[in-house]
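Working notes for the structure below.
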Amino acid sequence: MPTIYAHTNDGYITRFNQSSWSNAGASTTGTAASSTSSGHYTGVRADKTSSRGGGSLFSIYRSFFFFDTSAISTDVSSATFKVRGYSNGGGDLIAVKSNADIATLGTADFGSIAGWNTTTDGSGGGDNESNVTKYSAEISIWSIIGYNDIALNAQALADMRDDNILYICLLNYDYDLKDIEPTGYTSNRNGLYFTNYTGTSRDPYIDYTLAPAADNSIFFGANF
């Protein structure tokens, strides 16, 4: 089964400690980003916490990855995006198609998700589920001590075949994607490792299987 490791420019972008849910989500520009981190305890996050001075603070983290798929030119029958967990496994996630901008990851790429709309009201008015290109189903279980297997869907398999590079964003499903403001002081956080971790033992990667070649053999004059 062939394996493709994520490029070393993978990483996260955040809008951190914003005074409102709208300030956290209604922007294409983050407040901080890293493409050199070996991992982050909240690589995917959408939560509400209390402020020292009273009131609430809102934070969103999104993680971005890209893979060289230029060697794939035939149908892919299955593929699994494998991400090593790193503390915090409390949120639901989803993998969606990102834009090519993330190849040089920076704060300006916070909204670099194909089809993303920055409209938000915290009550589902900015729900992006029907706007984005999904690469997986909702991921509701996240291991913090091993790899998490994310089955890539038919659209992702087609893009692996047709595109030279596959761009992926992991983001929170229930709050970030669906534009639902977290209630109470809930934490929806998922930690994960990136490719800059020393060696490859915790790097994100994709295992895939190519579809078998069609058998177009035609037998003439066979005498069975």
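Below are the figures for this structure:
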item	result
Counted residues, segment 13-29 - those being of a type in the set (S, T, N, Q) and either on the phi > 0 side of the Ramachandran plot or surrounded by 21 or more Cβ atoms within 10 Å (Cβ to Cβ) (or both)	2
Residues within segment 165-192 that are closer than 16 Å to residue 105 by Cβ and open to solvent by 20 Å² or more (accessible area, probe 1.4 Å), tallied	2
Filter result for residue 217 (among the small types (Gly, Ala, Ser), out of contact with any strand residue (DSSP E or B) (no Cβ under 8 Å at 6 or more places or on another chain) and either at pLDDT 95 or above or open to solvent by 50 Å² or more (accessible area, probe 1.4 Å) (or both))	yes
Yes/no for residue 79 being outside any loop (DSSP other than H, G, I, E, B), touching a residue at least 12 places away in the same chain (Cβ under 8 Å), among the aliphatic types (A, V, I, L, M) and over 23 Å from residue 163 (Cβ atoms)	no
Condition check for residue 156: exposed (fewer than 15 other Cβ atoms within 10 Å of the Cβ) and over 15 Å from residue 22 (Cβ atoms)	no
Any pair with Cβ under 7 angstrom, 6 or more apart, that starts in segment 87-115 at a residue that is closer than 20 Å to residue 166 by Cβ and without any contact (Cβ under 8 Å) to a residue 60 or more places away in the chain and ends at one that is open to solvent by less than 20 Å² (accessible area, probe 1.4 Å) and in a loop (DSSP other than H, G, I, E, B)	101/112; 113/132; 114/132; 115/132
Count of segment 194-214 residues which are assigned to a loop (DSSP other than H, G, I, E, B), modelled with pLDDT of 95 or more, out of contact with any Ser or Thr (no Cβ under 6 Å at 6 or more places or on another chain) and not β-branched (Val, Ile, Thr)	4
Considering residues of segment 30-71 that are open to solvent by 20 Å² or more (accessible area, probe 1.4 Å) and among the charged types (D, E, K, R) only, the residue modelled with the lowest pLDDT	52
Extreme residue, nearest to residue 172 (Cα to Cα), among residues of segment 120-138 that are open to solvent by 20 Å² or more (accessible area, probe 1.4 Å) and touching a helix residue (DSSP H, G or I) at 6+ places or on another chain (Cβ under 9 Å)	138
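To keep it simple, each residue is scored yes or no on (1) out of contact with any Gly (no Cβ under 7 Å at 6 or more places or on another chain); (2) acidic (Asp, Glu).
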position: 107; (1), (2): no, no
position: 114; (1), (2): yes, no
position: 121; (1), (2): yes, yes
position: 153; (1), (2): yes, no
position: 160; (1), (2): yes, no
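Residues checked against (1) under 12 Å from the mean Cα position of the chain (by Cα); (2) closer than 27 Å to residue 39 by Cα:
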residue	(1), (2)
68	no, yes
83	yes, yes
103	no, yes
108	no, yes
116	no, yes
131	no, no
144	no, yes
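The values are calculated or read from the model by the stated rules, or taken from the named source; none is laboratory data. Keep in mind it's a predicted model, so treat the numbers as computed, not measured. Note that we place each Cβ from the backbone using ideal geometry, even for glycine, and neighbour counts take in every protein chain shown. Ligands, DNA and RNA are stripped out before the accessible areas are found, and what is left, the full protein with its side chains, is counted by its heavy atoms. Shrake-Rupley method; radii C 1.70, N 1.55, O 1.52, S 1.80 Å.
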